[in-house]
Each structure stands twice: as C-alpha cells, then as structure tokens.
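Asker: Quick one: this structure, given as structure tokens, is what I'll be asking you about.
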Ligand code: 26Y
C-alpha cells in the first residue's frame with residue numbers, strides 16, 4: 001500500500017509545471033498572477049528539491065542497508081556557491097526545466113541569478129570542500145560533509161574610493177529551499193565548568209567533566225546531488241540554539257532579562273564565518289565554534305554507529321573522518337574523551353581507535369596560518385580536553401624518548417605544548433599524532449611539509465605516514481556549468497558527456513589541435529566568454545572594455561602578500577611606463593591588454609588592503625590616460641565570489657599564479673583556468689608544477705626563483721643587503737611621484753620591499769616576471785599557436801578533476817569503497 005502513495009518525481013514538462021504551480025500556491029502561498037522572478041526561482045528550486053529529497057532518502061536507505069564504511073569530511077568551510085544550476089546539471093534536467101519555465105513566462109538564466117551564493121568559506125580550502133562533496137556524491141561514495149551553518153557567510157566586498165569596505169552577507173534573508181531544518185535533532189553541547197576526579201569500585205580513576213554552559217546543536221541538511229546518478233549525499237551543517245532550561249537562580253531572583261540574554265548568546269556561536277584566510281587570529285569564539293561543530297558531529301556519527309550494535313573494535317571498519325586542516329583537530333580529543341570517560345574503554349584501546357579513524361590534510365606551511373591555542377583558554381573552555389591533551393602528549397613524548405634517548409631538544413621541538421609565554425597548544429602536531437595519515441595538497445607542498453615544518457615527525461613515525469593527494473576541481477561546475485559553450489564543443493568531438501565523469505577522456509582533443517575548423521570554433525567560444533565578462537565588468541565597475549580582442553590577463557584569488565598581487569600590479573605599472581615612453585608609432589607594436597584583478601582581503605590585513613587600493617589607483621590613472629587608449633585597461637572586480645568565478649574563469653587568455661615559490665600549497669584556481677582554455681603565467685609553486693608536467697612546459701609561462709632557494713635568498717637579504725632591479729626602482733619612483741594618487745599612502749607597501757627584507761622576493765623575481773610577460777605578448781600575436789596551446793592544455797588537464805583526488809583519498813587514506821563496488 002505504501003508503494004501506491006510514493007512521491008512522484010517530475011520527469012516531464014507537464015509534471016514539472018504542475019509541481020511549480022503547486023509550490024507557488026501552497027509552499028509560497030502566492031497566486032500565479034503575483035509570481036515574480038524571486039518566487040519563480042523559489043518554486044523552481046522547491047520542485048527540484050522534491051526530486052533531490054526523494055533520491056536523498058533512497059540513498060540513505062541504500063547506504064544503511066549496505067552498511068559499509070562511511071567517510072565524514074569535517075570542514076569549517078564549504079564554499080558552495082549557488083545550488084540551482086548545479087542541481088539541474090547534475091540531475092540532467094536542465095533542458096526540460098528551461099523549456100518549462102519558458103512556458104510559464106520566465107527565463108531560466110534570470111531565475112538562476114536570483115539565488116544568493118552560499119558563501120560559507122574564505123577561499124581555496126572552502127571551495128575544495130565543496131568540490132569534494134560533489135565528487136563524493138558523483139562517485140557514489142557513502143559520505144557526509146559536516147560543517148557550520150553560519151548566518152553570515154564571507155562578507156560582501158564593496159569598493160569605495162578604491163578601498164575595500166566590508167558589508168555583512170545575510171544570505172538567509174529569504175527562505176532557503178536548499179536546506180532541510182532537522183529541528184528534531186537537538187544535541188546538547190557543553191562548555192566551561194570543571195572536572196571531577198573519582199575512583200570506581202575497582203579503584204580505577206574516573207574523570208567526569210561537568211559543563212558550565214550548555215547550548216543546543218541543531219542540524220540543517222543540504223542534499224548534494226551527484227552527476228548522472230541517483231546518489232544524493234548529505235551535507236549536515238550545525239546551528240546553535242539556546243537550551244530551554246532556564247537559569248532558575250537568576251530567574252527566581254527576578255532577573256528575567258539577564259536570564260534571557262544569556263540564552264541569546266548561544267546563537268552567536270554560529271553567527272559568523274571568520275573572514276581570515278591563511279591567518280590565525282586565535283579568538284575564543286572561534287575555538288567555541290570548533291568544539292561546538294566537532295562535538296555535535298561526533299555525537300551524530302556515534303549515534304549512527306551504535307544503532308548497528310557493533311562492538312567498539314569495529315568502529316574503524318565503519319567510520320573514517322577527514323580533518324580539513326587543523327580546524328577540527330579537537331575532534332581527536334573529543335573522541336578519546338567519549339571512548340574513555342563515557343564509554344569506559346581503556347586508554348590504549350581508545351587511542352588506537354582514534355588514530356585509525358582520523359586523517360589530517362595540511363593546507364599551508366605559512367607559520368602565521370598554523371593554529372595555536374593558549375593553554376589558559378583551553379583550561380577555562382574545555383578543562384577535561386586539556387587534561388587529555390596533556391596525557392596524549394605525555395604518552396607520545398615517552399615513546400619518542402624511548403626511540404631517541406636523551407634528545408631533549410627533539411622532545412621540546414615536537415611537544416604539543418609550546419613552552420612560550422603564554423604556553424600554547426600546537427594544533428598541527430596534535431593532528432599528526434592523532435591521525436594515521438597526513439597529506440599535503442600538491443606534490444611540491446607534500447614534499448615541503450616532510451622536509452620543513454613536520455620533519456621531526458617523519459623521523460619519529462617514518463615517511464609512510466605522510467602522503468600527497470593533489471587537489472582537484474569538479475568538472476561539472478567548473479566546465480559544464482561555467483562554460484556551457486566549451487562543454488558543448490568538447491562533447492561534439494568526444495561524442496558524449498562521459499568526460500564529465502572521467503576527465504582524462506579530454507585527451508582525445510589533442511587530435512583536433514590543428515583542425516582549423518575546430519580551432520576557429522574554440523577561439524570563438526573564448527571570444528564569447530570574454531564578451532560575457534565585459535558585460536559583467538561594465539555592470540559592476542562601469543568600465544568599458546573597448547577591445548574584446550585584447551589579451552585578458554586575470555588574477556583572482558584572496559589578496560595576500562604571499563600570492564603577490566603586488567608583483568602583478570607593479571608589472572602593470574611597468575607596462576604603462578613603457579607605453580608612455582614610446583612614440584605613437586612604437587605604441588602600435590604593443591599588444592592590447594586588459595589586466596583584471598579580484599579578491600577579498602581579510603578585514604584586519606592592512607597590507608592586503610593597501611594592495612587593493614593601489615590596484616584601484618593604478619586603474620584610475622591608466623584608464624583615464626588618453627596616451628594609453630585601448631592598449632591597456634586595468635579592472636578590479638568587486639566582491640569576487642564563486643558565481644563571479646564562473647564567469648571569469650572561462651574568459652581568460654592568461655591567468656596569474658605567481659606566489660613566492662614554496663608558499664602556495666596547491667592553488668585550485670590555476671586548475672579552473674586551465675580547464676577553461678586559459679594559459680598560465682606562474683611560479684614553480686604548488687600544483688603549477690604538476691600542471692606543467694601534464695600539459696607540457698611549452699604551454700605554460702614559468703618564471704622566478706625556485707622554492708629550494710627562497711630561504712637562502714631571504715637570509716642573504718637580511719645579512720648582505722640587496723638591490724632592487726632598475727625596472728622595479730622605476731616603478732616605485734612613479735608611485736612615489738604621485739602618478740597613482742598620493743604616493744605617500746603606499747609607503748608601507750613600498751618600504752616592506754625596499755627596506756624590510758622583501759620577504760616575498762618581489763625584487764628578486766621582477767625581471768624574470770617581465771621576461772615571461774614579454775614571451776606571453778610574443779606568443780599571443782600568433783593566434784593559431786596560442787589556440788593550439790589552449791586546446792592542448794585542456795586536453796591534458798584531466799588529472800585535476802576532484803573525482804581523481806577523491807578516489808585517491810578513498811583508496812589511500814579512508815579505505816572506503818563506492819557503493820556499487
Ligand atoms: C587558522 C585559520 C584562521 C585559517 C582559516 C582559513 C587558516 C587557513 C585558512 C584557509 C586556508 C586555505 O584556503 N588554504 C588554501 O587551500 C587550498 C586547498 O588546498 C590550496 O589550494 C591553497 O594553496 C591554500 O592556500
């Protein structure tokens with residue numbers, strides 16, 4: 001009898017329109033006559049959502065029945081972007097829905113634009129998590145993502161007088177059709193309080209944490225559809241709520257107002273995403289977020305495990321947890337606490353379960369990005385966890401001492417506790433000690449962590465604990481969705497869309513690199529995508545790009561000194577000065593170029609904000625200089641985000657990935673640009689190395705010092721002094737001569753390079769950068785050759801699919817299988 005009531009998925013225009021109308025009239029309580037684009041977007045989404053939820057339910061049932069090992073991806077950031085278009089593509093209903101909403105008097109593209117980005121992340125790390133959940137679903141892995149449902153995502157960036165101004169991103173303003181509130185799931189999470197030490201009847205010590213403040217974690221589920229499969233996995237994001245238990249002491253003393261206020265504080269835990277990328281600010285609320293999310297997630301996972309009535313010894317056959325950076329490291333301690341204090345397991349057995357459960361991904365070697373927490377803060381906020389950390393550290397140091405007797409230096413170097421003022425807990429070390437595998441995110445980076453920041457741990461554990469999984473991106477969003485014309489052209493040659501599931505199939509495109517008809521079409525797609533970007537730029541900045549044939553040179557990513565947007569803008573100034581010096585006749589030999597920047601700075605990062613201001617000031621001068629005309633335009637696109645990246649990445653001729661060698665762990669925008677047929681100018685850093693290997697060094701413009709020399713050069717700067725090249729001195733003089741607004745304003749930026757050691761080696765790489773740019777100009781003149789490079793790059797970028805990355809994690813780290821194997 002159940003069967004006959006089963007919810008029907010829409011599978012035709014008729015059934016779609018039926019459901020659409022029902023959602024307008026019932027879910028939204030509107031009439032069809034009063035249905036604007038926002039309502040139409042919502043009704044469309046609700047209709048898709050019905051299908052997703054139906055498949056989501058079946059997926060969960062199937063996974064439960066199969067009862068295999070599941071993987072849980074713990075990430076404080078999921079930079080998802082918009083859901084609608086992606087759901088249409090993954091469920092292959094886009095054409096049907098386009099025609100249907102057309103019938104109903106709407107344009108699908110317009111409806112798609114109504115959706116706010118789910119911007120619950122800063123940059124690369126958060127977007128990686130989003131690509132990974134897409135690949136986990138598409139590969140039909142039994143997998144859940146766990147994170148926080150921030151009420152405010154990453155701030156929206158406005159540019160006012162050339163300066164970044166942050167405005168709050170209240171993304172949940174309207175109903176969010178893509179989440180399912182699970183109000184019935186209510187998990188109590190405690191903070192503060194004290195630890196009670198007792199002995200049980202057998203004289204065994206027992207510890208019991210009595211929390212001092214309680215909040216409730218409630219779940220919101222986001223269905224994650226796979227591509228061309230009915231598999232829909234779950235992304236569970238936690239939201240903090242007050243408990244309903246009042247503080248009766250306050251209440252009875254008549255202090256009702258304060259009693260309510262205390263409760264309200266609970267909600268602040270999940271109110272806002274910390275907007276720092278690669279920089280640790282060490283705020284108490286951030287640690288509260290971390291524990292809140294991790295404790296709720298583990299509670300959920302353990303509840304699920306207990307339903308199966310298995311013994312604890314089988315926990316690691318059922319559960320793998322991946323830690324996206326050190327942000328969830330407290331999970332290691334929390335699981336140990338649950339097993340020992342609450343479940344009564346012996347320490348060693350518990351610890352073996354813990355270490356076999358966790359894997360840790362490192363995303364950076366920058367010291368300022370490595371998390372450390374003051375011992376004092378832990379003592380107050382999580383007193384029992386601090387005790388457990390001490391014990392973990394003690395047992396660890398004891399084994400090290402056995403292995404390397406009398407090496408006190410080593411012990412103090414690897415101790416989880418840094419004996420500084422104040423004493424701090426080194427979260428990365430805790431993550432290594434509590435995991436069975438540690439991975440970097442590109443080959444070079446994975447080698448670097450073994451030889452620099454974690455070198456002592458290689459000595460202790462052996463090299464096999466450390467591994468590499470090079471990052472990847474999902475070809476569904478970053479090719480099919482962002483670049484539908486290129487996807488169609490590719491499909492016409494490959495004969496099917498199978499490459500979207502096996503990206504290495506792109507290889508076949510090599511056969512067409514000299515096919516003049518194909519080359520022409522390929523170039524036309526790029527031109528169309530550039531036109532689309534020109535429209536966006538006009539709308540956002542009012543800057544006209546007069547020449548769509550100009551070389552589009554793009555650098556979009558978080559603004560950071562190590563990513564060296566300053567090197568790029570100095571290069572632009574150099575070009576400008578060259579144009580100014582040239583005679584009108586000579587000017588004809590310059591290839592027209594548009595220099596495009598975009599990215600957010602952390603609100604408190606002064607140097608990065610100065611870089612933004614400098615870019616805008618340079619743009620102002622150059623764009624209004626009649627000597628320059630169409631030869632050079634400079635644009636700063638405000639509020640760079642996932643949706644804008646989808647328009648920007650397909651429109652590049654050249655993109656810049658020019659970090660100081662050894663500083664960018666991987667980079668993933670480099671992959672997005674290559675997959676969309678743009679060439680790269682870059683340093684020998686992060687995944688650029690592997691991109692070069694895959695596509696061939698004749699197809700990439702590499703420059704700059706190598707990572708193995710960086711420390712030596714910095715040392716030499718410090719002790720022997722250094723001289724900036726003439727070309728850079730000239731650029732700096734132009735800034736100081738107020739050619740780009742008040743030069744004084746940029747003093748700090750200039751001085752850090754001129755006088756304070758030039759930590760990021762801008763001077764050392766400048767000439768080499770200019771040479772690479774000259775080569776770019778030269779190559780771009782030969783359109784046919786350029787397009788050929790573009791085709792060959794795309795043909796050989798299959799390795800950079802996040803599907804490949806996920807398969808590597810599944811096999812090498814999680815020991816988890818796809819549901820159909
Ligand atoms: C400590 C805390 C404030 C913090 C917050 C965010 C620390 C780091 C981050 C974010 C780091 C991040 O996005 N890292 C990037 O990860 C990408 C995915 O692996 C890499 O491609 C990229 O090189 C790396 O910078």
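The values are calculated or read from the model by the stated rules, or taken from the named source; none is laboratory data. None of the values given here were measured: they were computed from a predicted structure. Every residue, glycine among them, receives a Cβ derived from its backbone with ideal geometry; neighbour counts consider all protein chains shown.
Asker: Go through segment 363-386 and report how many residues are under 26 Å from residue 339 (Cα atoms), in a loop (DSSP other than H, G, I, E, B) and within 15 Å of the ligand (Cβ to nearest atom).
Answerer: 1
For (1) modelled with pLDDT under 95; (2) more than 14 Å from the ligand (Cβ to nearest atom); (3) outside any loop (DSSP other than H, G, I, E, B), each residue gets a yes or a no:
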site	(1), (2), (3)
681	no, yes, yes
689	no, no, yes
692	no, yes, yes
705	no, yes, no
709	no, yes, yes
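Asker: Would you check if there is a residue in segment 234-248 being more than 28 Å from residue 131 (Cα to Cα) and within 16 Å of the ligand (Cβ to nearest atom)?
Answerer: Scanning segment 234-248 turns up no residue that is more than 28 Å from residue 131 (Cα to Cα) and within 16 Å of the ligand (Cβ to nearest atom).
Asker: In segment 169-191, which residues are exposed (fewer than 14 other Cβ atoms within 10 Å of the Cβ) and in contact with a helix residue (DSSP H, G or I) (Cβ under 9 Å, 6 or more places away or on another chain)?
Answerer: 174, 175 - these are the residues of segment 169-191 that are exposed (fewer than 14 other Cβ atoms within 10 Å of the Cβ) and in contact with a helix residue (DSSP H, G or I) (Cβ under 9 Å, 6 or more places away or on another chain).
Asker: What number of residues in segment 408-453 are within 16 Å of the ligand (Cβ to nearest atom), part of a loop (DSSP other than H, G, I, E, B) and either within 17 Å of residue 813 (Cβ to Cβ) or in contact with a helix residue (DSSP H, G or I) (Cβ under 7 Å, 6 or more places away or on another chain) (or both)?
Answerer: Looking only at that region, the number is 2.
Asker: Is it the case, given these coordinates, that residue 758 is in the same structural domain as residue 550 (by TED's automatic domain parsing), surrounded by fewer than 22 Cβ atoms within 10 Å (Cβ to Cβ), at pLDDT 95 or above and farther than 30 Å from residue 122 by Cβ?
Answerer: no
Asker: Then there is this: Give just the number: which of (1) surrounded by fewer than 16 Cβ atoms within 10 Å (Cβ to Cβ); (2) farther than 22 Å from residue 649 by Cα; (3) over 26 Å from the mean Cα position of the chain (by Cα) does residue 535 not satisfy?
Answerer: (2)
Asker: Do the conditions hold for residue 128, that is, is it within 14 Å of the ligand (Cβ to nearest atom), within 18 Å of the chain's Cα centre (by Cα), assigned to a helix (DSSP H, G or I) and surrounded by 20 or more Cβ atoms within 10 Å (Cβ to Cβ)?
Answerer: yes
Asker: With respect to residue 666, is the statement that it is within 13 Å of the ligand (Cβ to nearest atom), buried (at least 24 other Cβ atoms within 10 Å of the Cβ) and at negative phi true?
Answerer: Yes; evaluated as a whole, the condition is true for this residue.
Asker: Does residue 379 satisfy the criteria of being buried (at least 22 other Cβ atoms within 10 Å of the Cβ) and either touching a helix residue (DSSP H, G or I) at 6+ places or on another chain (Cβ under 9 Å) or not assigned by TED's automatic domain parsing to the domain that holds residue 125 (or both)?
Answerer: Judged against the criteria, residue 379 is not a match.
Asker: Quickly run through segment 14-34 and pick out the residues that are over 12 Å from residue 101 (Cα atoms) and either in the same structural domain as residue 136 (by TED's automatic domain parsing) or surrounded by 20 or more Cβ atoms within 10 Å (Cβ to Cβ) (or both).
Answerer: If the condition is that a residue be over 12 Å from residue 101 (Cα atoms) and either in the same structural domain as residue 136 (by TED's automatic domain parsing) or surrounded by 20 or more Cβ atoms within 10 Å (Cβ to Cβ) (or both), then 23, 24 are the ones that fit.
Asker: When residues of segment 113-125 are filtered for being closer than 26 Å to residue 148 by Cβ and either assigned to a helix (DSSP H, G or I) or within 16 Å of the ligand (Cβ to nearest atom) (or both), how many remain?
Answerer: Adding up the residues that qualify gives 7.
Asker: Scanning for something over 25 Å from residue 775 (Cβ atoms), under 33 Å from the mean Cα position of the chain (by Cα) and not in a helix (DSSP H, G or I), does segment 605-623 turn up at least one residue?
Answerer: yes
Asker: Quick one: which of 279, 251 is at pLDDT below 95, in contact with a helix residue (DSSP H, G or I) (Cβ under 7 Å, 6 or more places away or on another chain) and not in a helix (DSSP H, G or I)?
Answerer: 279
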